[in-house]
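> If you scroll down you'll find the structure; I have some questions about it.
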Amino acid sequence: MTVLGVVFRPQLPPERLRAVARAADDAGLEELWLWEDCFLEGGISAAAAALAWTERVRVGVGLLPVPLRNVAVTAMEAATLHRMFPGRAILGVGHGVQDWMGQVGARAESPVTLLREHLDALRALLRGERVSTDGRYVKLDGVALDWPPAGAPEVLAGATGPRSLRLSGAAADGTVLTAATAPEGVRRARRLIDEGRESAGRTDPHRVVVYLHAATGPDAAARLRAEIEANGEDPLPEHGVAGDADAVAKAVQRLAEAGADTVVLQPTADEPDPEAFVRFAAEEVRPLFT
C-alpha cells in the first residue's frame, strides 16, 4: 500500500512545527517530513521535537547534507532518535545543494565518493559494528556506538543523476526523489536503482520516496505555477497537482503506479494554512487511493 506524507516546509518558522505535527498526528497522517535546507532549520533538532510532540506519525528528514556532517555525529543522532522513538524516525542523507555547501566551505570535489563513504560507514555504525576506514573523505579509527539502535534502521539517500541513483541502489536502503520527478522519471529512477542493487547483489526491499508539488483551495493553480517557476522547473502538468482531493489522489496514484512506495505532498512555500493542509491530506486524499 502506498504511504502518504506531507512535508513541513522550513520556510515556516520553527515555532509553527508543533501545531502542524500535532495536526498530522491527530488526523492520522502516516508520515511528516522535514528538510535540513541551508540556512533555515536543523533536521535532527526539528525531528526530535516533532517526535516528542506526537504519538504515532512517523517523522522523516529528507535530507541531511553529508558535506556538513561528520558521519559519527550523524550516527549518534540517528541512533538516539531510533532508540527514543522506535519505528518512527526516517533519515535520508544526500549531497546537499552544492552552492550552499560552497558557502560554508564544505563543497566536496567528488560528491558521489563522499556519499558512498558516508552511507557505508553510517549503515555499519547503525548496525552496531566497530568501524575503521580511511577513505577520501570519511576516516574512522575503531568507532562504535555505545547505544546503537535495537535493529538496524533504514538509511535513505537523495539522488537525481544516474550515478547517484545507482549508488543509492547499491549502498542505501531507499531513495528520495525531488518533486520535479514525473511518473516517467520515477520509472527511470527505479531502473537505475535496480542496476545498482544488482551490481551489489542486494535483494532486500528498497523504498522509493517521491515528493509531489501540491496545492488546494481557490488559488491553488496560481500558487502552484508560481512555486514551480520560482524553482526553475518547467510548469508541466506532471510536475505537480492543483485541485481537490480527487485530483491530488489521482496524481499520487500515478506516481505509485510508476514505482513510488511513498508520496510526500509538498505544499507551496506560501501555503496559507499548513495545519489544514495536513488534515486535507490525511482525511480527504488518503482514503481515495490504495
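Each value in this text was obtained by applying a stated rule to the coordinates, not by laboratory testing. What you see is a predicted model; the values in this text were computed from it and never measured. Note: ideal-geometry Cβ built from the backbone for every residue, glycine included; neighbour counts use all protein chains shown.
> Let me check I've understood the local charge: for R279, count other residues with C-beta under 12 angstrom from its C-beta, Lys and Arg +1, Asp and Glu -1. What total comes out?
Here the count lands on -4.
> Relative to the longest principal axis of the C-alpha atoms of the chain, give the angle of the C-alpha long axis of helix 17-27, reported between 0 and 90° and rounded to the nearest 10°.
70 degrees
> Count neighbours as other Cβ atoms within 10 Å of each site's Cβ, and list the chymotrypsin sites (Phe, Trp or Tyr not before Pro) in segment 1-106 that are DSSP loop with at most 16 such neighbours.
Listed in order of number, the matching sites are F39.
> Go through segment 141-148 residue by residue and turn each phi into a ³J(HN,Hα) via Karplus (6.51, -1.76, 1.60, θ = phi - 60°); whole Hz please, and just put x for glycine and proline.
10, x, 8, 9, 7, 6, 10, x
> Where both residues lie in segment 3-288, what percent of DSSP beta bridges are antiparallel, nearest 5?
Given both bridge residues lie in segment 3-288, the antiparallel proportion sits at roughly 10 percent.
> Would you kindly state how much longer the chain becomes between T178 and D270 on full extension, computed as 0.36 nm times their sequence separation minus their alpha carbon distance, in nm to one decimal?
That works out to 31.2 nm of additional length.
> Calculate one ³J(HN,Hα) per residue across segment 28-40 by plugging θ = phi - 60° into the Karplus curve 6.51 cos²θ - 1.76 cosθ + 1.60, and present them in order as whole Hz with x for glycine and proline.
In residue order, the calculated couplings are x, 4, 6, 9, 10, 10, 10, 10, 9, 8, 6, 10, 9 Hz.
> Round to a whole angstrom and tell me the spacing of the C-alpha centers of segment 244-290 and segment 79-99.
With segment 244-290 and segment 79-99 each reduced to a Cα centre, they are spaced 23 Å.
> Based on the alpha-carbon gyration tensor of segment 57-100 and its eigenvalue square roots a ≥ b ≥ c, which shape applies: rounded if a/c is under 1.5, prolate if not and a/b is larger than b/c, or oblate?
oblate
> If you don't mind, there's one more thing I want to ask. Sequence-distant or interchain residues sharing an amide H contact under 5 Å with V93, placed H: which?
L64, L156, A157, G158
> As I understand it, the value is the acute angle between the Cα axis of helix 162-171 and the longest principal axis of the Cα atoms of the chain; what does it come to in degrees, rounded to 10?
The two axes meet at around 60 degrees.
> Next up: Along segment 240-247, what does the Karplus equation 6.51 cos²θ - 1.76 cosθ + 1.60 (θ = phi - 60°) give for ³J(HN,Hα), rounded to whole Hz, x for Gly and Pro?
Ordered by residue, 3J(HN,Hα) equals x, 9, 10, x, 7, 4, 5, 5 Hz.
> Running Debye on segment 167-290 with equal point scatterers at the Cα sites and no solvent, what base-10 log of I(q)/I(0) appears at q = 0.09, 0.18, 0.21, 0.22 Å⁻¹?
Listed by q, the Debye log ratios stand at -0.27, -0.91, -1.13, -1.19.
> Please report, to one decimal in angstroms, the Kirkwood hydrodynamic radius of segment 52-202 built from all distinct Cα-Cα pairs.
Evaluated over segment 52-202, this radius sits at 16.0 Å.
> Next up: Take every Cα pair under 8 Å in segment 3-288 that's 6+ residues apart, average their separations, divide by the length, and report that relative contact order as a whole percent.
Once divided by the residue count of segment 3-288, the mean separation gives 19 percent.
> Quick check: Cα centre of segment 162-209 to Cα centre of segment 34-53, how many Å?
25 Å
> What's the longest bit of the chain with no exposed trypsin sites (Lys or Arg not before Pro), using DSSP loop states and at most 13 other Cβ atoms within 10 Å as the test?
Longest gap between qualifying sites, sites excluded: 137-290.
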